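Report on the following structure.
Read-outs: derived from the displayed coordinates by stated rules, not from any lab. Since this is a predicted model, take the numbers as computed values, not measurements. When we count neighbours, we look across all protein chains shown, and the Cβ atoms used for this are built from the backbone with ideal geometry, even at glycine.
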Amino acid sequence: MPPFSPPVARSLPAVPPVLAGWLADAASLLLPVSCAGCGAPDHVVCPACRVELAPRLATVRAAPVPVPVVVALEYGGAVARVLSAVKEHGRTDALRLLAPAMRAALSRTPAGRGPTDVAIVTMPSARAAVRRRGYRPVDLLVQSAGHRVRRPAGLVLIRAIADQAGLSAAERHTNLRGAMRASETLRGRRVLLVDDVLTTGSTLAEGCRAVSERGGIVVGATCLARTAKRKEIEGK
Ligand SMILES: [Zn+2]
């Protein structure tokens, strides 16, 4: 498993964003780079993609999930491309582009408001995907945002599931129902569920079911991005 390198920008906290951007752009003259969001040359992230990756927090309802879900971004464009780079192309360095949005979303949850007893539990990946990637993208996202993920894993998949892409909401629900098991260590614990993309909510719903079955209490959920406009409970 390749070690997770802390994002470069975070090692330079004293550098104002404008200057950091200028330094990155200046460095690109020596070492050519392209935008992780759109491929535009000479930018680590170009100004247009930077706007797309800026958090726009919303708290939404996803029908099968019994708790509100805090989301930071709309899935698509640069967000989808950067997430795909992280998940499918080993670009863990691009996590730093998503970290501010994940940090903002977590800050609005019960786990992000100062010292807390709330355990952050990420949605499990299929074992084959973890083997192929050598890392768990959602865990890295949470860590890049400066939070700790519950270990040992709070949730595991106990059977194979079909790829959710292309399934209807009902099919997703059936596909996932009963597929997860929560750790005994979550009994009596307050839990925040975290995933990368909110689509129908069936993944979070199954996580809630498994945690409740184990005697844990799901106090909230958050996703980096949502696939479509949803009814907002509370805007920014
Ligand atoms: Zn771009």
Can you give the convex hull volume per residue for the Cα atoms of the stretch 153-204, as a whole number of Å³?
-> 92
May I ask for the distance between the Cα centers of the stretch 53-81 and the stretch 139-176, given as a whole number of Å?
-> 16
Cα centre as origin, Lys/Arg/Asp/Glu Cβ charges: the stretch 55-234 dipole, Debye = 240
D (µm²/s, integer) via Stokes-Einstein for the stretch 55-234, Kirkwood Rh across alpha-carbon pairs, 10 °C, 1.306 mPa s: value 98
Any idea what log10 I(q)/I(0) is at q = 0.10 Å⁻¹ for the stretch 130-236, Debye with uniform C-alpha scatterers and no solvent?
-> -0.30
Inter-part distance where the stretch 198-214 and the stretch 109-124 are each reduced to a Cα centre, Å = 16
Please get the size of the charge dipole for the stretch 45-100, origin at its Cα centre, with Cβ charges of +1 on Lys and Arg and -1 on Asp and Glu, quoted in debye to the nearest 20.
-> 60
Which number comes out as Rg/Rh for the stretch 112-168 once both Rg and the Kirkwood Rh are worked out on C-alpha atoms?
-> 1.03
Dipole-positive endmost among 166, 156, 68 within the stretch 55-234 (Cβ charges, Cα centre) | 156
